[in-house]
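Student: What follows is a structure written as structure tokens; I'll ask about it next.
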Amino acid sequence: MGSFYKGAHGLTYRALANILAEIASDQPMHFAQDASKFLGMSPEYITGLLRGWENAVQQKRELAWEPVLDLCERSLELPPSVRSEDLASTDEDFANEWRTLQLAVASLLTVGVEPERAMIPVMLAIPTLLRMTRNSGHRQNQHHEHSMLYAEWHFVG
């Protein structure tokens, strides 16, 4: 991770997240095995990782699912100062980053359980799905709800 930051001076968070997505896509297993090192980082960086892993899964590259799903589940925990029903009244940037992270998790799960890939061991993914449904008490975000229904449909179907 240190080498990732060395050349990052002057880049935006989004640009760094895009670079991280590219690297994670190229080296999915390496980054997956070290997934816990990203806990506590900006939601934008974790979203970048998830997008990279999703791309890797679409290309049928192997991924260590246990640490990836653990990162997904733990990164979906809101800070203690923010309740899901209060998310709409928090800092708009934070709320958008957090919702984007939720969508990235749902998208990765969806791709990972598609019948032609079926890479995620279902029992490993259930805690992450449960975390997503617990955190979505506000339910106003239709994109999030659609992604959750789609992911759940793949697990049941």
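The values are calculated or read from the model by the stated rules, or taken from the named source; none is laboratory data. Quantities reported herein were computed from a predicted structural model and do not represent experimental measurements. Note that each Cβ is placed from the backbone with ideal geometry, even for glycine, and that neighbours are counted across all protein chains shown.
Student: When you scan region 31-69, how many residues do you find that are among the aliphatic types (A, V, I, L, M) and under 10 Å from the mean Cα position of the chain (by Cα)?
Tutor: 5
Student: Would you check which residues across region 31-54 are part of a helix (DSSP H, G or I), touching a Pro at 6+ places or on another chain (Cβ under 9 Å) and not hydrophobic (A, V, I, L, M, F, W, C) and list them?
Tutor: 33, 36, 52
Student: In region 86-121, what residues are among the hydrophobic types (A, V, I, L, M, F, W, C) and at pLDDT below 70?
Tutor: 87, 88, 118
Student: Let me ask something additional. Can you spot a residue in region 9-27 that is in a loop (DSSP other than H, G, I, E, B), at pLDDT 85 or above and under 19 Å from residue 103 (Cα atoms)?
Tutor: For region 9-27, residues in a loop (DSSP other than H, G, I, E, B), at pLDDT 85 or above and under 19 Å from residue 103 (Cα atoms): absent.
Student: Go through (1) touching an Asp or Glu at 6+ places or on another chain (Cβ under 7 Å); (2) among the charged types (D, E, K, R); (3) at pLDDT below 80 and name the single condition residue 83 misses.
Tutor: Condition (1) is where residue 83 drops out.
Student: Taking region 34-58 as the region of interest, how many residues are at pLDDT 95 or above and farther than 19 Å from residue 106 by Cβ?
Tutor: Residues that pass the stated criteria total 0.
Student: Looking at region 84-104, I want the residues that are under 10 Å from residue 43 (Cα atoms) and of a type in the set (S, T, N, Q) and have a partner that is modelled with pLDDT under 75 and assigned to a helix (DSSP H, G or I) with Cβ atoms under 7 Å, at least 6 apart or on another chain. Which pairs are those?
Tutor: Correct list of pairs: 102/132; 102/144.
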